[in-house]
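Below is one structure, written out as structure tokens; the observations come after it.
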Amino acid sequence: MLPVLFRLTFTSLWAQLLLYAVAAGVVGYIAFNGWRGAVGELNVKTGVRAEPTTTDKLLRALAFGGVGAVLAWYGLKYALPPGAFPGAKGEGIPLHTYGVLLAAGFITAASVVGRLAQDEWRKVELVNGQWVDVEGPKKREQVMDMTFWLLVGGIGGSRLLFVLVNWKDYARDWTQVFSLGGGLVFYGGLIGAAVAAYVFARAHGMDFLRLADVCIPTVSLGQCLGRLGCFSAGCCWGDVAPAHASTAVHFPGAGTAQDLFGRLGNTSSLAFSSQAEDTRYVVEATGEILHQAGPGAVRISDWVVQQGHTLGVYPTQLFESVGQLVLFVGLLYARRFRRFHGQIFALWLMAYAVLRSTVELFRGDVERGTLHGLLQSLGARGLAESVPLEAWYNMSTSQFISLCMFTFGAVLLYQKGRRRETEEAGGLGPTPSAA
């Protein structure tokens with residue numbers, strides 16, 4: 001496990017100037033992409049967009065550049081040493097394995113969704129004696145442009161749900177909501193990205209369910225790599241496993257976690273940090289968690305601090321990564337048999353809900369939010385004690401969302417399926433691949 005690959009520092013003047021230049025270049029490039037990707041006003045009657053005006057391009061470039069400038073400001077504040085930037089923290093730029101794999105997952109998913117969009121909206125016409133796809137490349141560019149807004153919506157949604165789940169921690173100081181520290185929640189990111197995609201589809205006259213069928217399998221592809229990042233960071237870890245379990249893994253503390261070059265990175269895994277503060281007891285041989293000392297039990301915090309790594313836990317990150325890969329491949333195959341728009345989307349909602357709920361049964365990070373924690377935060381300590389942390393019925397926030405998501409997917413599949421059967425019985429309706 002490598003929480004941090006290596007860390008860039010900016011102690012010299014030349015290094016600081018270089019970072020400023022890179023930040024300015026990135027903001028400029030983002031603004032340029034906004035200018036280049038501008039689209040004109042949509043004619044509702046014809047469904048054709050006019051050529052973008054200079055004002056359209058300028059406004060889009062300013063919007064993109066503004067978002068890039070905010071990101072650059074936070075990055076400079078975090079990386080530069082005090083005195084080189086207002087409020088600088090001097091943390092440098094640590095290249096986290098989690099961030100690298102998360103970015104790799106997003107880029108891979110975006111690349112694949114662009115290709116799928118081109119195939120989905122392929123429209124071949126005879127132009128100057130040659131058969132040319134006149135629609136697919138345009139839709140590919142549109143969908144690739146949409147990925148920027150999916151990124152913004154995903155990050156915002158994932159951060160918002162994390163804050164809501166841990167609202168008591170942020171109630172003491174609401175300004176910490178905007179800090180660079182803290183966590184992200186996949187379901188929040190999914191909801192935020194879905195809202196962004198829906199707004200984008202409406203603005204560009206696209207069928208949202210058809211767009212969702214194209215995009216949703218790639219969510220699993222990106223999450224497959226993203227969960228490997230979770231494993232590298234030691235977050236989203238599993239429950240304590242019996243000592244003899246062959247699948248158990250140990251996450252290191254700051255004294256043993258190394259970077260890519262074998263140097264101690266002074267960064268412990270999140271699992272270690274959590275268990276180092278866990279005052280519960282564990283019977284190491286069986287993995288049984290106790291709230292009071294018992295025969296053969298040791299305090300979890302004492303054990304992990306002494307050993308320098310966590311107790312053996314289930315690698316839930318790897319479980320979900322493999323499951324997401326299977327889901328991605330399965331849905332790509334299922335696209336061949338799609339009968340209506342929204343079918344692949346509904347199948348993903350149901351399948352991922354089952355996968356996530358199953359993986360949650362093996363999770364051990366109480367920080368993710370559970371019914372027990374919710375009852376405690378509301379002051380209902382008596383009810384919280386009746387729902388122990390280790391109980392299988394201590395539903396997590398993700399399991400509750402999974403239940404809602406499965407229900408929505410099942411209803412969508414049923415309604416669209418019935419409508420399609422009615423159309424086929426009456427000899428009506430285009431095929432799913434038609435406009």
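Coordinate-derived values only; no laboratory data. This one's a predicted model, so the numbers in the text were calculated from it and none came from an experiment. A quick note on method: Cβ atoms are made from the backbone with ideal geometry, for glycine too, and the neighbour counts reach across all protein chains shown.
Helix 136-165 and the long axis of the chain differ in direction by around 30°, with both axes built from C-alpha atoms.
Counting charges near Leu355 (Lys, Arg +1; Asp, Glu -1) among other residues having Cβ under 14 Å from its Cβ returns a value of +1.
Within the listed set Phe340, Phe251, Phe261, the residue fluctuating most in the Gaussian network model of the chain (springs between alpha-carbon atoms under 10 angstrom) is Phe261. Across segment 240-313, the fraction of Cα-Cα pairs farther apart than 20 Å, rounded to a whole number, is 30%. If R0 is 51 Å, what FRET efficiency do you get for Tyr333 and Leu13 from their C-beta distance, rounded to 0.05? Once the sixth-power term is evaluated, E becomes 0.35. Under 10 Å, Cα contacts only: if you run a Gaussian network model on the chain, which one of Val124, Val240, Val27 comes out with the highest mean-square fluctuation? Judging by the Gaussian network model, the answer is Val124. Which of rounded, prolate, oblate describes segment 8-165, given a ≥ b ≥ c as roots of the alpha-carbon gyration tensor eigenvalues and a/c under 1.5 marking rounded, otherwise prolate only if a/b is larger than b/c? The shape class here is prolate. From its DSSP helices (H runs of at least four residues, each -39,500 (n - 2.57)), the chain gives a residue-normalised ellipticity at 222 nm of -19000 deg cm²/dmol. Principal-axis analysis of the Cα atoms of the chain puts helix 343-360 at an angle of about 0° to the longest axis. Residues whose amide H lies under 5 Å from that of Gln258, counting only those 5 or more places away or on a different chain, are Gly265; hydrogens are built 1.01 Å from N in the peptide plane. Computed from Cα atoms, the angle from the helix 186-203 axis to the main principal axis of the chain rounds to 10 degrees. Taken about its Cα centre, the chain carries a charge dipole of roughly 980 debye when the Cβ of each Lys and Arg holds +1 and the Cβ of each Asp and Glu holds -1. Going down the list Lys89/Lys139; Lys57/Lys123; Lys57/Lys416, which pairs span over 31 Å between their C-alpha atoms? Correct reply: Lys89/Lys139; Lys57/Lys416. If a/c stays under 1.5 just call it rounded; otherwise compare a/b with b/c (prolate if a/b is bigger, oblate if not). Do that for the chain, with a ≥ b ≥ c from the square roots of the Cα gyration tensor eigenvalues. Cα axes put the chain in the oblate bin. Relative contact order, whole percent, for the chain stands at 15, derived from Cα pairs under 8 Å and 6 or more residues apart.
A cut-off under 15 angstrom between Cβ atoms defines the neighbours of Ile93, and their net charge, with Lys, Arg +1 and Asp, Glu -1, is +1. Loop-located trypsin sites (Lys or Arg not before Pro) in segment 190-297 (DSSP state not H, G, I, E or B) with no more than 11 neighbouring Cβ atoms inside 10 Å: Arg263.
Amide H contacts of Val4: Thr97, each under 5 Å away and 5 or more positions distant or on a separate chain (H built 1.01 Å from N in the peptide plane; Pro and chain starts excluded). When GluC sites (Glu not before Pro) are flagged only if DSSP places them in a loop and at most 12 other Cβ atoms lie within 10 Å, the longest unflagged stretch of the chain comes out as 42-276.
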